[in-house]
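A.B. asks: Sharing a structure here in structure tokens format.
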Amino acid sequence: MGLCSAIGVYLILTTVLITKDGTFYIEQAQQIARDPVGVCRRYPPGYPFLLWASHTVASWFVEGDSPMLWAYSAQAVTLLCRVLALIPLYLLGRLLVGAVNSFWALFVLVILPYPAFYGSDVLREWPYLLFLSTGLLLLYWGLVTKRWWVLAPVGLIAGLGYLIRPECAQLLVYAVLGLLVVRESSAIPSPPLHLTRRFGTGLLMIAGFVVPVVPYVHASGSLVPHQLRPSAFNMPLVLSAIGPKPAADKPLEFEVRVGERLELPIRAADPDGDSLVFSLASVPMGSRPAYAFRSAAVGAEFWTLSEQEKEHLVTVYGEAWDCEGIAWYAYARPDARPGLQPVYRFWSPMRERHFFTISESEKEALVAESTGDSWICEGPVFYAFGDADPPADAAPVYRFWHEGQGYSWTMTPPAGTEAQKDTIAWYAHPAGEPPAGAGIENGVLRWRPGPGQEGEHLLNIIVTDGKLPCSQLMVVRVIGAGSAGPRPQGRGLRQAYVSAGVPIRDSADLPNRNGRTLMSLVPRTIFRDLVKGVDEVVDGLGEDFMIIPVLPWILGLCYGLRGRTKSLERVLISAVLILNVGLMLSRSIWMAPGSGRRYSLAMIALTIFYLPAGLDVMTRVLNRIYTFRGRFAGFGGERRPPWFHFLLVGGVVLCTPKLIFTPLRADKAGYRAAGEWLRHNTPAEAVVAEPDRRIGFYAERPRLTYERYPNWRKADFVVEIAGRDRMQTPEGWRQVYSVPVGPEDDRELIIYGTTPAKE
């Protein structure tokens, strides 16, 4: 434990960058005090709660708050869990293979680099293993000694571990298997009592498991692990650019000649990974889309022209308000078109609903009659036309009264009757058909204007994931075939992508007519996924073990489980191997491939006790080649020949350089450098679009994490991980800082901004 603590403290002090998952865990911990139920709905709260508690304790001794305080306190509590986990692991190993073998097994586990890294980073592997090993120790001891009451705390430990990682529920599987195979002593009188005792023990265990899990299930709304259930939060998609021009709040402008082809690839991505649907609408010049929201709880309605207000409702009040798409098109300014009148929005905290009116008299009466917080006027929300001479391209918006739900507004006319004058609230524009020949195919806007289509056309590109829409207005100016002017945007799809700043390395990257790349046409088979999963499991075990200790581990398992062990031990250890390999394969095939090293740690830690026996097998072979002076003590003996210690020293020599000379994520030191530069050189309220959440974490700035495309319209600074190909920046943006990603990485971290950073 002292060696483990020393290694862990050294690794914490030399850490260059915490893991990306660690940043996510810290973000959840920061929300524990504000919204614990929200955290439960997104993720198991056990590990974030540990981080929050550790940070709270650290705050007693340190003035102020900072990312480093969060990082160091999170690393410290993770290391504490690793050191404490050695106690149940040692006691379990002593029951299985004896005290000496258990000591040497844990010595090997302590000096293995990757398990040490996990214990000094912000990762939940060791806290999870602390509960799993403690539960398995109590389970094995209770079954061997016939102390059936011990299985109740085993269930409780499994439930607490479930709050850290749902995989801790595997303790229930081991308990059921143990109850089935354990032999009763001869003092137990009759089979009926024997079966009753086991059944009652199982109920006690389940009751212990349910105690901590029920509040979590109540808060999260589901017993299904978070990896398997659909996300309760639908993140807004990002529409980053149209052709070579990044998205903006104002309409983008393009020009094309009659007869020439306009091809503009649309760069959009959904953080949730949902498939996107593109559509195109023609709208009046100067208008903007009005997004409609509805509250299912109270039946209230809401409209806004603001993209920022729309995304705020989605991200902050997504449970209360459902976005129903674009209701109509209105105007953000009163001078956009003659005849426009303001539509006022009122909010009633008492009724928890909004009210909209274009009538000045109705507005004045409502303001005059309102007392306290009955109705609060929020001013004009958009501008539309009244019933006095509305334009021909506008359509009426009807207002209806529903008993119990209040007013509702719709462009659908009353069924079966003609609309009365008092049922029309105002006039707005419905979405129009795009110009002839214009459309979006495979994420690319294509249009070849013909004769008679000269002039300016305001088009709205709408991208939706099936739940939330995002739009970008664009003005396309069509000029005559012989008119002077710049050449149209691109003459082919490849050139259009290149002009848009999208790197095309091979023809397989180009989408075909079905919207898929040529590489995506290769069929995905379960056999290929299974082979890939097995390869990931093998790689994870090999890297965790640093390759060489894998052989004695396998030899020790074969020797230990061949027949010299008791049936209970053989069943439990076999179940640990089979179940954990199955969990790793399932994760690789059906969930998120990667991190095989992390997910193999539990299997290694719970079975590493057999590694000394494997070293004994190798020692016996080497002893036949050359025998040192001294007597060979045999398998499991406390006296061992020098070959055994030579092999251990070889393992130490193999692991020490990686432990000492490889600071955690030193190959990505530029991430932290970029974050610190942003913290010292940008305003505290500056919004940073980043490809990695750790940059914004160290920067202490509001951040917009992106995977493919940044949201230029909402960001003040954009960070890019750039190789040879760099993204095209909007007009007015410039590079303000750059730093290499790492000492051996040829990529750069480039920061773009619109305003000069502080010197």
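The values are calculated or read from the model by the stated rules, or taken from the named source; none is laboratory data. Small disclaimer: the values here were computed from a predicted structure and weren't measured. So basically every Cβ, Gly included, is an ideal-geometry build from the backbone, and we count neighbours across all protein chains shown.
A.B. asks: Could you please let me know if residue 91 is within 20 Å of the chain's Cα centre (by Cα) and at pLDDT 95 or above?
C.D. replies: Values: within 20 Å of the chain's Cα centre (by Cα): no; at pLDDT 95 or above: yes.
No.
A.B. asks: Just to be sure I understand, how many residues within the stretch 243-260 are in a strand (DSSP E or B) and modelled with pLDDT under 90?
C.D. replies: Keep residues of the stretch 243-260 that are in a strand (DSSP E or B), which gives 245-246, 252-257.
Among the residues that remain, those that are also modelled with pLDDT under 90 are: 245-246.
Of the residues in the stretch 243-260, 2 are in a strand (DSSP E or B) and modelled with pLDDT under 90.
A.B. asks: Next question, about the same structure. Being modelled with pLDDT under 85 and among the hydrophobic types (A, V, I, L, M, F, W, C) is true for just one of 625, 695. Which residue is that? Steps first, please.
C.D. replies: On the way: 695 fails: modelled with pLDDT under 85.
Answer to the selection: 625.
A.B. asks: Another one. Restrict the check to the stretch 535-553 and report whether at least one residue is at pLDDT 70 or above, farther than 30 Å from residue 116 by Cβ and more than 28 Å from the chain's Cα centre (by Cα).
C.D. replies: Kept after step one, since they are at pLDDT 70 or above, are these residues of the stretch 535-553: 535-553.
If we keep only those that are farther than 30 Å from residue 116 by Cβ as well, we get none.
The answer is no; no qualifying residue exists.
A.B. asks: Moving on to the next point. For the stretch 131-148, indicate whether the set of residues that are within 26 Å of residue 224 (Cβ to Cβ), at pLDDT below 90 and within 35 Å of the chain's Cα centre (by Cα) is non-empty.
C.D. replies: Narrowing the stretch 131-148 to residues within 26 Å of residue 224 (Cβ to Cβ): 131-136, 139.
Filter once more, keeping what is at pLDDT below 90: none.
Checking the stretch 131-148: not a single residue is within 26 Å of residue 224 (Cβ to Cβ), at pLDDT below 90 and within 35 Å of the chain's Cα centre (by Cα).
A.B. asks: I'd like to verify a number: residues in the stretch 679-721 that are farther than 16 Å from residue 240 by Cβ and aliphatic (A, V, I, L, M), how many?
C.D. replies: The total comes to 4.
A.B. asks: Only one residue in 344, 398, 329, 383 is in contact with a His (Cβ under 8 Å, 6 or more places away or on another chain) and either under 15 Å from residue 425 (Cα atoms) or of a type in the set (Val, Ile, Thr) (or both), so which one is that? Spell out the reasoning first.
C.D. replies: On the way: 344 fails: in contact with a His (Cβ under 8 Å, 6 or more places away or on another chain); 398 fails: in contact with a His (Cβ under 8 Å, 6 or more places away or on another chain); 383 fails: in contact with a His (Cβ under 8 Å, 6 or more places away or on another chain).
After applying the criteria, what remains is 329.
A.B. asks: Report yes if residue 221 is in contact with a helix residue (DSSP H, G or I) (Cβ under 9 Å, 6 or more places away or on another chain), at pLDDT below 85, surrounded by fewer than 18 Cβ atoms within 10 Å (Cβ to Cβ) and outside the structural domain of residue 426 (by TED's automatic domain parsing), otherwise no. Give the steps one after another, and end with the answer.
C.D. replies: Values: in contact with a helix residue (DSSP H, G or I) (Cβ under 9 Å, 6 or more places away or on another chain): yes; at pLDDT below 85: yes; surrounded by fewer than 18 Cβ atoms within 10 Å (Cβ to Cβ): yes; outside the structural domain of residue 426 (by TED's automatic domain parsing): yes.
So residue 221 passes the test.
A.B. asks: Determine, yes or no, whether residue 211 is surrounded by fewer than 18 Cβ atoms within 10 Å (Cβ to Cβ) and either within 25 Å of residue 587 (Cα to Cα) or at pLDDT 80 or above (or both).
C.D. replies: On the way: surrounded by fewer than 18 Cβ atoms within 10 Å (Cβ to Cβ): yes; either within 25 Å of residue 587 (Cα to Cα) or at pLDDT 80 or above (or both): yes.
It is true that residue 211 is surrounded by fewer than 18 Cβ atoms within 10 Å (Cβ to Cβ) and either within 25 Å of residue 587 (Cα to Cα) or at pLDDT 80 or above (or both).
A.B. asks: As an exercise: evaluate residue 353 against (1) within 18 Å of residue 383 (Cα to Cα); (2) touching a Gly at 6+ places or on another chain (Cβ under 6 Å) and give the number of the one condition it does not meet.
C.D. replies: For residue 353, the failing item is (1).
A.B. asks: Shifting gears a bit: I'm trying to understand the selection: among the residues of the stretch 669-696, which are buried (at least 21 other Cβ atoms within 10 Å of the Cβ) and closer than 26 Å to residue 7 by Cα?
C.D. replies: 670, 671, 672, 694
Condition check ((1) out of contact with any Gly (no Cβ under 9 Å at 6 or more places or on another chain); (2) crowded, with 22+ Cβ neighbours inside 10 Å) across all residues:
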| site | (1), (2) |
| --- | --- |
| 36 | yes, no |
| 60 | yes, no |
| 70 | yes, yes |
| 73 | yes, yes |
| 79 | no, yes |
| 90 | yes, no |
| 93 | yes, yes |
| 97 | no, yes |
| 100 | no, no |
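A.B. asks: Among residues belonging to the stretch 714-758 that are among the polar types (S, T, N, Q) and either at pLDDT below 80 or not in a strand (DSSP E or B) (or both), point out the one that is farthest from residue 684 (Cα to Cα). Show your work before the answer.
C.D. replies: Restricting attention to the stretch 714-758, the residues satisfying the condition of being among the polar types (S, T, N, Q) are 728-729, 735, 738, 754-755.
Still in the running and either at pLDDT below 80 or not in a strand (DSSP E or B) (or both): 728-729, 754-755.
Details: 728: 26, 729: 23, 754: 16, 755: 14 Å.
Of everything passing the filter in the stretch 714-758, 728 is farthest from residue 684 (Cα to Cα).
A.B. asks: If you don't mind, another one. If residue 162 passes every condition in (1) modelled with pLDDT under 90; (2) aromatic (Phe, Trp, Tyr); (3) buried (at least 24 other Cβ atoms within 10 Å of the Cβ) but one, which one does it miss?
C.D. replies: For residue 162, the exception is condition (1).
A.B. asks: Same structure, new question: Scan 732, 670, 723, 696 and give me the residue that is free of Cβ contacts under 8 Å to residues at least 24 places away in the same chain, outside the structural domain of residue 30 (by TED's automatic domain parsing) and over 22 Å from the mean Cα position of the chain (by Cα). Walk me through how you get there before you give the answer.
C.D. replies: Values: 670 fails: free of Cβ contacts under 8 Å to residues at least 24 places away in the same chain; 723 fails: free of Cβ contacts under 8 Å to residues at least 24 places away in the same chain; 696 fails: over 22 Å from the mean Cα position of the chain (by Cα).
Exactly one of 732, 670, 723, 696 is free of Cβ contacts under 8 Å to residues at least 24 places away in the same chain, outside the structural domain of residue 30 (by TED's automatic domain parsing) and over 22 Å from the mean Cα position of the chain (by Cα), namely 732.
A.B. asks: Same structure, new question: Evaluate the following for residue 133: is it touching a residue at least 60 places away in the same chain (Cβ under 8 Å), assigned by TED's automatic domain parsing to the domain that holds residue 566, surrounded by 23 or more Cβ atoms within 10 Å (Cβ to Cβ) and closer than 27 Å to residue 572 by Cα? Break it down into steps so the answer makes sense when it comes.
C.D. replies: Working: touching a residue at least 60 places away in the same chain (Cβ under 8 Å): yes; assigned by TED's automatic domain parsing to the domain that holds residue 566: yes; surrounded by 23 or more Cβ atoms within 10 Å (Cβ to Cβ): yes; closer than 27 Å to residue 572 by Cα: yes.
For residue 133, the condition - touching a residue at least 60 places away in the same chain (Cβ under 8 Å), assigned by TED's automatic domain parsing to the domain that holds residue 566, surrounded by 23 or more Cβ atoms within 10 Å (Cβ to Cβ) and closer than 27 Å to residue 572 by Cα - is met.
A.B. asks: Scan (1) exposed (fewer than 13 other Cβ atoms within 10 Å of the Cβ); (2) touching a His at 6+ places or on another chain (Cβ under 8 Å) for the single condition residue 253 breaks and write down its number.
C.D. replies: (2) is the only condition that residue 253 fails.
A.B. asks: Within the stretch 357-364, is even one residue within 23 Å of residue 473 (Cβ to Cβ), crowded, with 16+ Cβ neighbours inside 10 Å and in contact (Cβ under 8 Å) with a residue 12 or more places away in the chain? Show your work before the answer.
C.D. replies: We begin by selecting, within the stretch 357-364, every residue within 23 Å of residue 473 (Cβ to Cβ); these are none.
Looking through the stretch 357-364, none of the residues is within 23 Å of residue 473 (Cβ to Cβ), crowded, with 16+ Cβ neighbours inside 10 Å and in contact (Cβ under 8 Å) with a residue 12 or more places away in the chain.
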